[in-house]
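What follows draws every value from the coordinates through simple rules; no lab data is involved. Source: prediction; values computed, not measured. With ideal geometry, Cβ positions are generated from the backbone for all residues, glycine too; neighbour counts draw on all protein chains shown.
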Amino acid sequence: MTAAAWEPVYVRAAVPGDVDQLLELRVQVMAGEPVTQAWRDTLGQDLRERLGVDPDLLVFVAPGDGGQLLACAIGMAYHGYRSPRFETGRWGRVLIVVTRPAARRRGYAKAVMRALLDAFDAAGCSASIELRATDMAEPLYTGLGFTQVPSGSYMTLRPTPDRPPNQGGSP
Ligand SMILES: CC(C)(COP(=O)(O)OP(=O)(O)OC[C@H]1O[C@@H](n2cnc3c(N)ncnc32)[C@H](O)[C@@H]1OP(=O)(O)O)[C@@H](O)C(=O)NCCC(=O)NCCS
């Protein structure tokens, strides 16, 4: 289906009442991680407390006719330091984009992503917006202007059984 054939997509900012459906959508991008009740409770509570309150948590949804959420995009605006390239010191990260399987290839992800990019812009984050793409989502992001950074540069420091949190990098 081409973009010209897509129906216009209605997108709105998410509200606390959307949280159960947001979790349902989020589960689809868990990539083998366990979906525990503790995970649901923690993330659910965090989203309920912050949606519409924390201006740095940017969440957009595309509801279908019956009110079921068909797609969502979740992003965070971060505060770094200012520089000539980062005039505001702000940058954005796209955390989750997902469309229900039955609603894919109809422009929903693109619509929620566009709303998220506009919100990043309004939050002063235009100098850099980052994400990690799944293979499936690469065409979506390249179509919106994202480009790949050289592979191998992305690293994380996370707690392991051998290195509990807040122990630094010492062996
Ligand atoms: C990736 C995903 C979000 C795309 O959602 P979608 O609603 O189907 O995407 P859209 O219909 O808005 O498509 C946007 C563009 O990407 C293209 N596209 C979307 N899915 C594609 C696919 N599987 N293969 C090739 N192109 C694809 C579309 O053709 C469209 O391009 P166009 O504007 O040039 O026509 C959806 O497949 C999904 O939820 N996947 C599982 C979760 C996931 O991988 N999320 C990304 C996390 S980084």
(request) Please grab the % of Cα pairs in segment 9-143 that end up more than 26 Å from each other. (result) 22 percent
(message) As a footprinting exposure proxy, order 46, 18, 135 by other Cβ within 10 Å, with the fewest listed first.
(response) 135, 46, 18
(message) No solvent, one uniform scatterer per C-alpha: report log10 I(q)/I(0) for segment 76-137 via the Debye equation at q = 0.14, 0.27, 0.28, 0.30 1/Å, two decimals.
(response) -0.46, -1.11, -1.16, -1.25
(request) Treat each spin label as a single point 7 Å out from the Cα along the C-beta direction, and report the residue 68 to residue 46 distance in nm. (result) 2.8 nm
(message) Using a Gaussian network model on the chain with a 10 Å cutoff between Cα atoms, which of 67, 44, 52 fluctuates the most?
(response) 67
(message) Taking 22 Å as R0, compute the FRET efficiency from the Cβ-Cβ separation of residue 130 and residue 105 and round it to 0.05.
(response) 0.30
(message) I want the local charge near residue 64. Using Cβ-Cβ distances under 12 Å, sum +1 for each Lys or Arg and -1 for each Asp or Glu among the other residues.
(response) 0
(request) Going by C-beta contacts inside 10 Å, put 60, 146 in order with the fewest on the left. (result) 146, 60
(message) Place a point 7 Å from the Cα of residue 27 along the Cα-to-Cβ direction; which residues of segment 91-105 have their backbone N under 20 Å from it?
(response) 96-104
(request) State the Cα centre-to-centre distance between segment 130-165 and segment 82-123 in whole Å. (result) 15 Å
(request) Could you check which residue among 92, 64, 107 shows the biggest mean-square fluctuation in a GNM of the chain with a 10 Å Cα cutoff? (result) 64
(request) For a footprinting-style exposure proxy, rank 114, 26, 158 by other Cβ within 10 Å, fewest first. (result) 158, 114, 26
(request) Grab the other residues whose beta carbon is less than 15 angstrom from that of residue 138, score K and R as +1, D and E as -1, and report the net. (result) +2
